[in-house]
Each structure stands twice: as structure tokens, then as C-alpha cells.
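To start, the structure under review is shown below, and the notes come after it.
The values are calculated or read from the model by the stated rules, or taken from the named source; none is laboratory data. Every value quoted in this text rests on a predicted model; they were computed, and no experiment measured them. Counting neighbours? That spans all protein chains shown, and the Cβs are built from the backbone with ideal geometry, glycine included. For accessibility, only protein heavy atoms count, side chains too; no ligands or nucleic acids. Shrake-Rupley method; radii C 1.70, N 1.55, O 1.52, S 1.80 Å.
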Amino acid sequence: MNAHLTNASSRSIIDTIVRDVADRNPGEPEFLQAVHEVLESIAPVLVERPDYVEAGIIERLVEPERQVIFRVPWTDDRNRVQVNRGFRVQFNSALGPYKGGLRFHSSVNLGIIKFLGFEQIFKNALTAQGIGGAKGGSDFDPHGRSDAEIMRFCQSFMDELYRHLGEHTDIPAGDIGVGAREIGYLFGRYRKITNRHESGMFTGKGVAWGGAEVRTEATGYGTIFFLEQMLARRGVALDGQTAVVSGSGNVALYAIEKLQQLGARPITASDSSGYIVDENGIDLELLKQVKEVERARVSAYVDRRPAARFVAGGSVWDVPARFAIPSATQNELDEAAARTLVRNGVVAVAEGANMPCTPEAIDVFSEAAVLFAPGKAANAGGVATSALEMSQNASRQRWSFSDSEDRLRAIMVAVHDQAYEASERYGSPGNYVVGANTASFVKVADAMLAQGVI
Ligand code: GLU
């Protein structure tokens, strides 16, 4: 093995790779952003591990193992043929079968799926559940579509995707636009095509047909468990404090629920039309009714809750609170929003969504010594509970809600501790971005090294 690299040579290796990734992946800014963030963190690892450099680990890591792009034709309710584009990026399987959700949203393109798949590699490594990283989806927009249209779309999507899946190969789950309804249609079609009731090939299934308790709640709950750990280290209480939460999907709803259970007061939720502020604390039953049952906009909440207000457009980050939980989508919290939060006294930010804070926003938090939990650590509870679902499917067991929640909490404590310890080990104590990136990178890199040039 070569002698150790210097800091400068390790940085210059990384810079060259980042430039190369930019040249080879034009028009994919989110993917470059995700790659940049991880590679920026790992210079101190390379200083100690020139064998990673010699084995081309980083060059291999930034290139997906397989990328599938396919046509998804379907017929709408007016009998017109519609065509969408489907994606599955199987990014890395060194630690286990490909694992990661499907996103149905009009903004989906290859670069978005690659950023999500890349993040998923490291997030999944942090869970220590033996799962590789992948992501998929489509530019299909489920809004305003009937159940019958959603079903036909999901069936057509699976008509192509099924050949790439399997309980030991690639296991999808939900993400934005893919919830219980879509997973039901997708799983049903897979079962029909393959003639196998292969429970472990999809997670997020209905609890009555192979799904796991707490999977629905897991991403939101896990984010708050992570926040709790971060605060405990600094001796800051969660109880009695206000929180501003963005989004109103699965992550936001269950982050709100867990915040309330732990005695905090979440006061906002949002969607693409604007945000609601309820200073008395969000009425979660009402918000669930609006979003999950009626599938309506958040503004419908204030119609039944006169003390609350709806702000059309605008930024939810203008609302002062002690904690911020961005749980909507990528790059929803920029530098200006971060400055506003800091000015208003925020003490901790935990990312429920994937990459919701821009790099500039993260810099603002770090300069202001605000605790910051990156999504790949803070929101790992969702995919971790997917792995618990896979375990239950493989052993034909069913664990209770409280048993599953205890396991989730233990996993989040371990994710937190690993990230914290790695942040110390690599010279940035308390910097969870560095901690999460280095701890997970080392796990994936070691597995790749052991398995040869693949
Ligand atoms: N889409 C989720 C995530 O971003 C869950 C993935 C899964 O459960 O496979 O981690």
C-alpha cells in the first residue's frame, strides 16, 4: 500500500472526479449537488485510505451499476393514449440488493432519480440493514387523476419494471406521489405477471397483505428520533418548543405526530399552493383528513379551523420556531430562508425530505452553530423500516407496532451515534454532514474493495 496521501493531494483527486462527473452528466444539477456534497466530506478518509483511490472506488461509486429508462403508455378516462417516461437507477449493490423508493411527480427526470439513488446508497448503509441503493419513478403526475387512471398507469409501469425486480435483486417502495394506493396496484400487477406472491419484492405494502407496522410512520418518526438525539447531546429540550414543518405528505404528517407525542408544538404544514400556520399547534386529525382522505390542498384546513391562517405562496420558513423540519422536497430551503430561520432563533434543523436544504443554506446553519441533520441520516428511518418489513416477509413473522417502533428508535440512535462518532474521527465534531457521509462511505467502500473490480 502507498504511503498516506496529503490533504492537498486527496482534495485534488476529489476535484478531478467532481469535474469529470460534471462533464459526463450534463443537465443533472441535483445529481451533481448530491455527489459534490458527499465527495467534499471524504477528503480526510482518503488521506488515510489510499487503497480506496488505487481501487477506483470513487469513480465506480459515482457511476450507477445499471440505469433503466422505459416508455409507460396508458389510456386515460377519455380514452386518449398518454405516454410517460419510467426510470429505475440501480446505483450500488455492494451492501445488499438494490433498495429505494419510486417517485411519481411531474419534475422527475434522470438527474433527479440519480441524485435520489446516490443519496440512497449512503442512507441505506447508515441503517446497517444490508441494503444497496436505488431509486425510480416517472414524470407522471397523479394529481387530478382518477383511481382507474392511477391503476392503469401503475400496471403499465410494472409491465416493464417487473423484469428488473425481485426480493433478492431490487425492492422498490414509495416516495413522493407513491403511497399505499399506488403500491397496491404495482404489487398486484407484479404478482399477476410473475405468478408469485413474493412479499419481499416491495415494501410499504398494506399491513393486511405483508406490510409492516410503523412503515407508514417511520420516516417522520425517525426524523424526530434523530432530532431528539442531536438535542440530547447538546442538552436542549424538545418539550414545549415550537417547530416549523414543511410539506403535508407522509413524512410531514408523522414528523408532526411524533413531535406532538414528545411534547413539542408543530405549527405549520405546506404544499405547492402555500402554507398553513396554526399557533395553537396543528390539529393532526384534521390535517390527515384533508390530505389523506380528501386528497385536498392544505388551505382546506383553515376552512375548518378559524384560528389558523393560510398563506398563499410565500415561504413557510418565515414562521419563527425553535426547530425546522423540511419535509417537502429537494432544495426547498435556500440561503435566504436559512438566514431568516437563524434570525428568528432556530436551534436545530432536521431534514425529513431528501436534500431539502441547498448547500448555501447548510453553510448558514453551520456558521450560526445551528444543529443540522442531513436527510441521509435523519430520514433513514423509512428505508430502515422497509428492511424490517423485508425481514418479516422472509421469516413470515409479524411484529407488533410497539416492537417495531422500538426497533426503529434503536436504529435511529445507532445512525445518530455513528454519524456523530465519524464527525469526531474525521476532525469536524458535531458536523453531521461530514459524519454521515464519511461513516457511510467507508462501509460502502470497504464492501466494494472486498468484492473486487465489479
Ligand atoms: N423513498 C424513501 C427514502 O427516500 C424510502 C425508500 C424505501 O423504503 O425503500 O428513503
Residues of region 53-111 satisfying the condition of being closer than 29 Å to His143 by Cα, in contact with an Asp or Glu (Cβ under 9 Å, 6 or more places away or on another chain), open to solvent by 60 Å² or more (accessible area, probe 1.4 Å) and not in a strand (DSSP E or B):
Asp77, His105, Ser106, Asn109
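Residues checked against (1) β-branched (Val, Ile, Thr); (2) not in a strand (DSSP E or B):
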site: Gly137; (1), (2): no, no
site: Gly144; (1), (2): no, yes
site: Pro172; (1), (2): no, no
site: Arg181; (1), (2): no, yes
site: Gly204; (1), (2): no, yes
site: Glu213; (1), (2): no, yes
site: Ile224; (1), (2): yes, yes
Scan region 367-386 residue by residue and report those that are open to solvent by 10 Å² or more (accessible area, probe 1.4 Å) and part of a helix (DSSP H, G or I).
Glu367, Val383
Taking only pairs six or more apart or across chains, which ones have beta-carbon atoms under 6 Å, a first residue in region 121-150 that is modelled with pLDDT of 95 or more and crowded, with 24+ Cβ neighbours inside 10 Å, and a second residue that is among the hydroxyl-bearing types (Ser, Thr, Tyr) and assigned to a loop (DSSP other than H, G, I, E, B)?
Gly132/Ser93
Those residues of region 193-243 which are of a type in the set (A, V, I, L, M, F, W, C) and within 19 Å of the chain's Cα centre (by Cα) amount to Phe202, Ala212, Val214, Ala218, Ile224, Phe225, Phe226, Leu227, Met230
Failed condition for Arg295, given (1) farther than 25 Å from Ala337 by Cα; (2) open to solvent by less than 70 Å² (accessible area, probe 1.4 Å); (3) not hydrophobic (A, V, I, L, M, F, W, C), with all others met?
(2)
Residue by residue through region 169-206, note down the ones that are of a type outside the set (Gly, Ala, Ser) and away from the ligand (no atom under 15 Å from the Cβ).
Arg181, Tyr185, Arg189, Tyr190, Arg191, Lys192, Ile193, Thr194, Asn195, Arg196, His197, Glu198
Hey, any hits in region 402-423 for a residue that's within 20 Å of Val38 (Cα to Cα) and assigned to a loop (DSSP other than H, G, I, E, B)?
no
Ile13 fails exactly one of the following numbered conditions: (1) open to solvent by 20 Å² or more (accessible area, probe 1.4 Å); (2) closer than 21 Å to Met355 by Cα. What is the number of that condition?
(2)
Here the residues within region 311-336 that are part of a strand (DSSP E or B) and surrounded by fewer than 17 Cβ atoms within 10 Å (Cβ to Cβ) are Ala312
Going through region 212-224 one residue at a time, which ones are within 15 Å of the ligand (Cβ to nearest atom) and surrounded by 24 or more Cβ atoms within 10 Å (Cβ to Cβ)?
Ala212, Val214, Arg215, Ala218, Thr219, Gly220, Tyr221, Gly222, Thr223
Which numbered condition Ser391 fails, given (1) surrounded by 20 or more Cβ atoms within 10 Å (Cβ to Cβ); (2) within 16 Å of the ligand (Cβ to nearest atom):
(1)
One residue is enough: does region 82-98 have a residue meeting the conditions away from the ligand (no atom under 15 Å from the Cβ) and of a type in the set (S, T, N, Q)?
yes
